[in-house]
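Visitor: Okay, here's the structure, questions in a sec.
The values are calculated or read from the model by the stated rules, or taken from the named source; none is laboratory data. All figures in this text were calculated on a predicted structure; none of them were measured in a lab. Here the Cβ positions follow ideal geometry from the backbone for every residue, glycine too, while neighbour counts run over all protein chains shown.
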Amino acid sequence: MADRYIEPDTPELRARWGNFAWTDENAAKAKDIVARYPEGRQRSAVMPLLDLAQRQVGAELDTQGWLPIPVMEYVADYLDMPIIRVVEVATFYTMYNIAPIGRFHVQVCGTTPCMLRGSDDIMAACKARGMQKGHTTEDGLFSLTEVECMGNCASAPMVQINDDNYEDLTPERLDAVLDALARGETPKAGTQEPGRHTVEPLGGPTTLKEMVSENHDYRGEW
């Protein structure tokens, strides 16, 4: 499970984020998001608006972003809802960062399929690089979180780093990804298994082989 704590609301935090407001671009996005919901249901926009706010904070800090209390208050005021309701959402879902985060947020899936495929070794590889769950490395590069299933069971074990998934990992493959990020490079996202394109069988297709290169109508063959 994720080790999470909400960053205390301090005068310094207020001084930095107390005047948070949408940028012109995000103000237009926020308006479009709220318009998706029926009249009287605008508060349902809280999740995408929290994501938008987190990304705006991240753009200022060159990180994935996080949600200081004043920023949550801004979203609450925008939707005319109690701040506690916004905090409940932000603290429940690990997609929202409720404390400052490093430039790269390393989220390791520890649910059963990933665990059976070696997620403990992936977590150990992170710790060997000085990462600790719920903390950021001293150089500000990496923050480590253990999360629940992120839907890549067929290519386990996997981690999500910011908005990208890295799958079919071994400790060595993860090290290569993290080294590339630390150098300012953009490593290939998705499966890290050589020769594997997405989540097809490692030995190649065993059925519907004619569909590999083009659409094929099998109906006459049934």
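Yes or no, residue by residue, for (1) touching a residue at least 60 places away in the same chain (Cβ under 8 Å); (2) of a type in the set (Asp, Glu); (3) surrounded by fewer than 17 Cβ atoms within 10 Å (Cβ to Cβ):
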position: Gln56; (1), (2), (3): no, no, no
position: Thr63; (1), (2), (3): no, no, no
position: Leu67; (1), (2), (3): no, no, no
position: Glu73; (1), (2), (3): no, yes, no
position: Tyr78; (1), (2), (3): no, no, no
position: Glu88; (1), (2), (3): no, yes, yes
position: Tyr93; (1), (2), (3): no, no, yes
position: Asn97; (1), (2), (3): no, no, no
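Visitor: Can I ask one more? In the list Thr198, Thr145, which residue meets the criterion of being among the hydroxyl-bearing types (Ser, Thr, Tyr) and free of Cβ contacts under 8 Å to residues at least 60 places away in the same chain?
Guide: Answer to the selection: Thr198.
Visitor: Kindly indicate whether Asp121 is charged (D, E, K, R), in a helix (DSSP H, G or I) and in contact with a Pro (Cβ under 9 Å, 6 or more places away or on another chain). Steps first, answer last, please.
Guide: Values: charged (D, E, K, R): yes; in a helix (DSSP H, G or I): yes; in contact with a Pro (Cβ under 9 Å, 6 or more places away or on another chain): yes.
So Asp121 passes the test.
Visitor: Just name the residue that is farthest from Val159 (Cα to Cα) out of those in the stretch 192-211 that are under 30 Å from the mean Cα position of the chain (by Cα) and of a type in the set (D, E, K, R).
Guide: Glu200
Listed here are the residues, each with its yes/no results for (1) at pLDDT below 85; (2) charged (D, E, K, R).
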| position | (1), (2) |
| --- | --- |
| Phe142 | no, no |
| Cys149 | no, no |
| Pro157 | no, no |
| Asp175 | no, yes |
| Glu185 | no, yes |
| Pro201 | yes, no |
| Gly204 | yes, no |
| Met211 | yes, no |
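Visitor: Which residues, counting only those in the stretch 112-140, are touching a residue at least 40 places away in the same chain (Cβ under 8 Å) and either of a type in the set (Val, Ile, Thr) or within 30 Å of Leu52 (Cα to Cα) (or both)?
Guide: Selection gives Cys114, Ile122, Cys126, Lys133, Gly134.
Visitor: With the condition being within 14 Å of the chain's Cα centre (by Cα) and on the phi > 0 side of the Ramachandran plot, I'd like the helices (runs of 4 or more DSSP H) fully within the stretch 1-116 carrying at least 1 qualifying residues. It would help to see each step written out before you state the result.
Guide: On the way: elements: 11-17, 24-34, 46-61, 69-79, 83-92, 112-116.
Passing ranges: none, list empty.
Visitor: Would you point out the residue of the stretch 161-191, among those that are in a strand (DSSP E or B) and not charged (D, E, K, R), that is nearest to the chain's Cα centre (by Cα)?
Guide: Of everything passing the filter in the stretch 161-191, Ile161 is nearest to the chain's Cα centre (by Cα).
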